[in-house]
1. Please compute the length gained on full extension between ARG118 and VAL405, using 0.36 nm multiplied by the number of residues separating them and subtracting their Cα-Cα distance.
2. Estimate the FRET efficiency between SER269 and ALA49 by the formula 1/(1 + (r/R0)^6), using the beta-carbon distance for r and 22 Å for R0, to the nearest 0.05.
3. Just to verify a number: FRET efficiency for ASP178 and THR365, C-beta to C-beta distance, R0 = 51 Å, to 0.05?
4. Using a 1.4 angstrom probe with every protein chain in place, what is the largest-first accessible-area order of SER312, SER324?
5. Beyond 28 Å, how much of the Cα-Cα pair distribution for the chain remains, as a whole percent?
6. Excluding residues fewer than 8 places away in the same chain, name every one of the lysines whose C-alpha is closer than 21 Å to that of LYS177.
7. Identify, among ILE327, LEU186, ILE474, the residue whose Cα sits farthest towards the positive end of the charge dipole of the chain, taking +1 on the Cβ of Lys and Arg and -1 on the Cβ of Asp and Glu, with the dipole about the Cα centre.
8. Which whole DSSP H helices in the chain pass both tests: a Cα extent of 24 Å or more along the axis and a mean Kyte-Doolittle value no lower than -1.0?
Amino acid sequence: MSHHNHTPAGPTRRPLSRRGLIKAVGATAVGASISTMASGRASAAGATAADAIVIGAGYAGGTVARELAARGLKPVVLEARDRVGGRIFTATFGGEQVELGGAWLGPQQELVHAELKRYGIGTYLDTVAEQVVLPGPSGLRTMSPEQAATVVEPLWNSFYEGSQKYFERPHDPLYRKDLLASVDPLSLQDRLGKLSLAPEELATLSGETSVYSGGKSTFGSLTGMAQWIQLSGGSYGTYTTTMTLRPVGGMGALLTAMLNESKADVRLSTPVTKITEAKGVVTVETSNGQTFTSPVVVVATPTNTWRSIAFSPGLPTAHAQAASQGIGVPLATKVWMQLRGQVPAVQGQAAEGSALPMLIPQQQTSKGRIMVGFAGPSLDVSNRTKVLEAVRAYIPGAELLDYRVMEWGKAPYINGGWGLRKPNQLLTLFPAIEQPHGRILFAGADIARGWHGAFIEGAIESGLRAAEQAADLI
């Protein structure tokens, strides 16, 4: 595994590396070196006054804090959980570092690579699949990655046909708004229904669309995933490269560096319950009875959590819609497994409705092969026997030494997995969702204009935008 500093220049093409799937959605316990000071000036009624308040200590919040600090401000970051990172969470399993949330970067993601270069953090290539298991006419079949690419890539390129036109400028998704009216209402399931597919072809595509869509292909929008394809370079082959790179030190290493540079006052285990703006001051109340005031607040949390915060005045239409509908996918359950002995690096894909519709190989250790799978709604992840049966569908005879589950849909103060816009959300939410609500601003990968939802690139993009807006108000 080669460690190197990777720049956004031309990616090395690798056949069918579909893993990033749930990629940058987060994964890393950000280092303990982050300052969690309890400083702050007292203001009226015992509230703590801050130059700026950032709610959420994920990549969007970390970007805002760092950018505001660079302007001479001293931000306070309020984080509901007992760690920073949000949907990024690096942990240890089987004696190895693993990402319980988002795990991958792509060479096309220029903001991330600029940040990595800034802090001297390198990247390395993830485990390469040696075998690929796909649906066939009579059950799952095993083939080489090169063979799998010839099967899968034409299907996906057909699935996304036309997106090069309606996302002519993918970083400006509304550029061809005139063409989006006919496609933004479509779910991934709607698009599958418009194609003439053999049963095994439908199974191959639906397994992946269901995983990205949080359990059911009816949830996510065609335009949500099609924009990712165009951002990556315009084909499914280029898209697979967005899941090939891992940062040295884990997905949270960069966030740690950003927060450390900001010298922000980071308050963990501080859930926000109410945000009120009146007379040019924003007041933030927390569940543990603390109150903070500031000229500006940036809400940098997943949209699925907005509904748990009381906003006064009430949210504008687009923000209220995003809060009620949510953007984070409902089922995002990663299952980490350690299989006994020498096990090939198998990448698997099965039909929607399967217990484990996606399986991705990770490192081989002295004890066995680490694998990560994405569970379908039918898998009882608390049942070891069922988990083993799901793995054996891909690797007959596999022996399960241990496994660990992360259910992001049940995670407090996150309430879902990576973001994927639902049908109609691009046209109904944007560009209004990016605009300030008075002195209350919003950031996060869910509402990024470019690499939205499942990528820290989008979190950084939206954080940079919100920081500019905040600076204009102070």
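The values are calculated or read from the model by the stated rules, or taken from the named source; none is laboratory data. Here the structure is a predicted model, which is why all the values come from computation and not from measurement. Cβ: placed from backbone, ideal geometry, glycine included. Neighbour counts: every protein chain shown. All accessible areas refer to the heavy atoms of the entire protein, side chains included, with ligands and DNA or RNA removed. Shrake-Rupley method; radii C 1.70, N 1.55, O 1.52, S 1.80 Å.
1. Numbers: separation 287, 0.36 × 287 = 103.32 nm, distance 3.38 nm.
Here the segment from ARG118 to VAL405 would lengthen by 99.9 nm.
2. Efficiency computed from Cβ-Cβ geometry: 0.55.
3. Here the calculated transfer efficiency is 0.45.
4. SER324, SER312
5. Values: 54462 of 112101 pairs.
Within the chain, distances greater than 28 Å cover 49 percent of Cα pairs.
6. Here the lysines satisfying the reach criterion relative to LYS177 are LYS165, LYS422.
7. After comparing all options, I get ILE474.
8. Values: long enough: 456-473 (26 Å, 0.11).
Membrane-span-like by this criterion, though nothing is claimed about a membrane: 456-473.
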